[in-house]
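Undergrad: One structure, pasted below without further comment.
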Amino acid sequence: MSTTWHRVGDISRFPKNGLVRVTLGGRNVVVARHEDRFYAFTDTCPHQSAPLGCGDYGPTVLPGGPDEFQYGLPGRVIRCPWHKWEWDVSTGRSIGGTTKKRLPTYPVEVRSGSVYIKVRMAPEAARAMNPVDSGEAP
Amino acid sequence: MTGGGVDYDVHFTVDSVADLFPYIPEAWQYRFSISDFQLVWDGGSLVDDAASSRASIRAGGTPVAAEERLLVPVQMARMSVWSDHAMAAVLCSAMNDHMATTASRYDGMRMCATVDILDPAEAVRELERVGGRYPIGAVLVPPRGTILLGDPYYHPVFEAAVDLGVPIIVHPSGAEGAYFGGPTLGVGPVRSSYLRGTVQYQVAESNLFDLVFSGTFERYRQLCIIFAHWGYRWVPPAFWRMESEWRAFRLEAPWLTRSPWEYLAGNVRLACAEALHTEQGVEPSPYERVWEGLDPLLLGTGVGLEG
């Protein structure tokens, strides 16, 4: 297995505050864009494997006192379309500590107007993907 | 099972309101004497053949050592279907005074204070009156039909109980699903005690859910609620469901900083005679195994003691 950066498209491919599903070496990955920040995570909910790319992406409400709703984490939360589990797309942790399961996330970088995702995959799969680099950011 | 040899559910009853007259102002005595009001308890009590002894009590034919007993004035649990808050206040005070007199005759006897839940402010006043005077071991709070226990309506009473350092007891009244104003059941109005007894756990279930989801245990972290006489086998599957829904709808109750199971372990106890069986080494059911380590059960025999 090797870790490589892969170009997944121009910035213009990814709408602000939206989700785009891409495939990397047979792996389904969701790219989320909040303003000019990008996040990438697996398209499979750790709960029961629902497609997170069909979920709701945006903010959430944070723990506070009883009867208090605090707006927070804009652009950091994906809600599963099936059972509404929430995940922090920047850390992979569940929101509110509802489970110890983690959502696999991937490093994302923007270089020269293109979006790159760093994933681990078998060498033959990586070669087939024609990665821009091997182990280092482009 | 926790509780340290305490029986948390000894049913304290009186034959009639007249038994409380020594503690009731004369005008109210007359008021009761011309009315047909009765204190009712038809929920059943186990026969205690040694109620005056602290050595043992018999429940289901099995002797159980109880070092301390808590008198629960079960007739007052029906307060939720009463309509006169002034009358409720008078009866609460009288019942507390009468229980205190009875408790003073025995060793290891404490009383579950009854307060006017139709008027929370009055309830707090009564709790302040009896708190420093009598051996209070808990406070009886009958849930009202349309106001679940997670509602702010009960906050003054919960706050007073926490200040006093005693738990809240929630006990069936026999009015569940049968009287207007009483706690409602999922089956609607019931036509038999058989049906009521079968489904009355729903009252405890819905109130327990409401207590957790409302954040009441976040607001009052020292609050302890004892559900007495509601059984306990319904709790594990109910909490499994609750945990599942919490993960899905955390957004609607973001103030919950712990899982429902943790609130159960930290703030809730279930007093029931069935706890005897777990104590006596009977093989636990699959339901009981689910919560091994949480240990939320208390002994509550439902033995009767007439005052």
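Undergrad: Can you give me the Kirkwood hydrodynamic radius for the range B:80-172, using every pair of distinct Cα atoms, in Å to one decimal?
TA: On the way: mean 1/r = 0.0751 Å⁻¹.
So the Kirkwood estimate lands at 13.3 Å.
Undergrad: Let me know the mean shielding of A:59-70 by other chains, meaning the per-residue number of their Cβ atoms within 10 Å of its Cβ.
TA: On the way: counts 0, 3, 6, 2, 7, 5, 5, 14, 6, 3, 5, 2.
If you average over the peptide's residues, the count of other-chain Cβ atoms is 5.
Undergrad: Please give, to one decimal in nm, the separation of the simple spin-label points placed at A:D56 and A:K16, each 7 Å out from Cα toward the Cβ.
TA: Going by the 7 Å Cα→Cβ label model, 2.2 nm.
Undergrad: Then there is this: How many nm separate the modelled label positions at B:A265 and A:R111, each set 7 Å beyond the Cα in the direction of the Cβ?
TA: 4.8
Undergrad: Take every residue in peptide B:253-263, count the Cβ atoms of other chains within 10 Å of its Cβ, and give the average of those counts.
TA: 4
Undergrad: Which order do peptides A:119-126, B:120-127 fall in by mean Cβ count within 10 Å, highest first?
TA: Working: A:119-126: 15.8, B:120-127: 19.5.
Top to bottom by mean Cβ count within 10 Å: B:120-127, A:119-126.
Undergrad: Can I ask one more? Per-residue mean of other chain beta-carbon atoms within 10 angstrom of the beta-carbon, peptide A:74-82?
TA: The per-residue average across the peptide is 1.
Undergrad: Something else now. Thinking of chain A as a set of Cα atoms, what percent of all their pairs are more than 19 Å apart?
TA: On the way: 4810 of 9453 pairs.
Value for chain A: 51 percent of Cα pairs lie more than 19 Å apart.
Undergrad: A follow-up question, please. With a cut-off of at most 11 other beta carbons within 10 Å, and DSSP calling the residue loop, which chymotrypsin sites (Phe, Trp or Tyr not before Pro) in the range B:180-272 qualify? Please list them.
TA: When the chymotrypsin sites (Phe, Trp or Tyr not before Pro) of the range B:180-272 are filtered for loop state and at most 11 Cβ neighbours within 10 Å, B:F180 remain.
Undergrad: May I ask for the net charge around B:G197, where only other residues with Cβ less than 12 Å from the Cβ of B:G197 are counted and Lys, Arg are +1 while Asp, Glu are -1? Mind dumping the intermediate values first?
TA: Numbers: positive: B:R196; negative: B:D42, B:E176.
Counting the neighbours of B:G197, the net charge comes to -1.
Undergrad: Also: Out of residues 5 or more away from A:V77 or on other chains, whose amide H comes under 5 Å of its own, with H placed 1.01 Å from N in the peptide plane?
TA: The answer is A:G58, A:V89.
Undergrad: Oh, and also: Write down the radius of gyration of the protein assembly as shown and its Dmax, each obtained from C-alpha positions, in Å.
TA: In order Rg, Dmax, the Cα atoms of the protein assembly as shown give 29.0, 97 Å.
Readers should treat all values here as calculations from the given coordinates under stated rules, not as data from a laboratory. Given the structure is predicted, the values throughout are model-derived calculations rather than measurements. Reconstructed Cβ throughout: ideal geometry from the backbone, glycine too, with neighbour counts over all protein chains shown.
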